[in-house]
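First comes the structure, then the notes that go with it.
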Amino acid sequence: QVHLEESGGGLVQAGDSLSLRCIASGRTWDQYNLGWFRQAPGKEREFVAAISWGGGTTYYSDSAKGRFIISKDNTNAHVDLQMSSLMPEDSGIYYCAAGINFARVMNTPDYWGQGTQVTVSS
């Protein structure tokens with residue numbers, strides 16, 4: 001069992017930066033690949049970024065590439081998402097996710113956090 005808890009959401013203006021943090025816990029959390037998804041009102045949840053359990057491999061959606069950075073701290077059991085040049089279309093609930101392999105964390109994660117709201121005003 002892996003428990004995920006997000007923090008760091010908020011209201012920012014277009015062009016601002018914001019960092020999200022997901023704290024992971026559970027006996028085997030460090031064996032999981034971690035990622036971020038987001039869901040805007042009326043839209044499906046979409047993949048944003050993922051990082052392998054060792055931290056050596058990352059993958060981003062086209063919309064996140066070049067603006068967002070995902071990083072993992074195994075010592076302190078958290079994964080961060082640093083977002084820059086935010087746009088109103090980046091608004092939504094951001095969810096932390098964990099998957100036993102990289103394909104799962106990007107498509108059908110095994111575990112989800114409760115989410116944190118990010119709102120970008122124009």
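The values are calculated or read from the model by the stated rules, or taken from the named source; none is laboratory data. All of these numbers come straight from a predicted model, not from anything done at the bench. Neighbour counts run over all protein chains shown; Cβ positions are idealised from the backbone, glycine included. Keep in mind that these areas ignore ligands, DNA and RNA; they rest on the heavy atoms of the full protein, side chains included. Shrake-Rupley method; radii C 1.70, N 1.55, O 1.52, S 1.80 Å.
Here are a few things to note about the model shown:
- Check: segment 29-122 dipole with +1 on Lys, Arg Cβ and -1 on Asp, Glu Cβ, in debye: 80
- Of 75, 58, 108, the residue with the greatest mean-square motion in the GNM of the chain, using alpha carbon springs below 10 Å, is 75.
- For segment 99-107, putting each phi into the Karplus relation 6.51 cos²θ - 1.76 cosθ + 1.60 with θ = phi - 60° gives couplings of x, 5, 9, 5, 5, 5, 5, 8, 10 Hz, in residue order, rounded to whole numbers and with x for Gly and Pro.
- Our coupling estimate for segment 11-22, obtained by passing each phi through the Karplus curve with A = 6.51, B = -1.76, C = 1.60 and θ = phi - 60°, is 9, 9, 9, 4, x, 6, 10, 7, 10, 10, 10, 10 Hz, Gly and Pro reported as x.
- Averaging the Cα positions of each part gives two centres, and for segment 37-89 and segment 102-122 these lie 8 Å apart.
- Of all accessible heavy-atom area on the chain, the percent that carbon and sulfur account for (1.4 Å): 47
- Accessible area expressed per residue, the chain, with surrounding protein chains retained (probe 1.4 Å, Å²): 52
- J(HN,Hα) series, segment 62-77, from Karplus relation 6.51 cos²θ - 1.76 cosθ + 1.60, nearest Hz, glycine and proline x: 4, 6, 8, 4, x, 10, 10, 10, 9, 9, 9, 10, 6, 5, 9, 6
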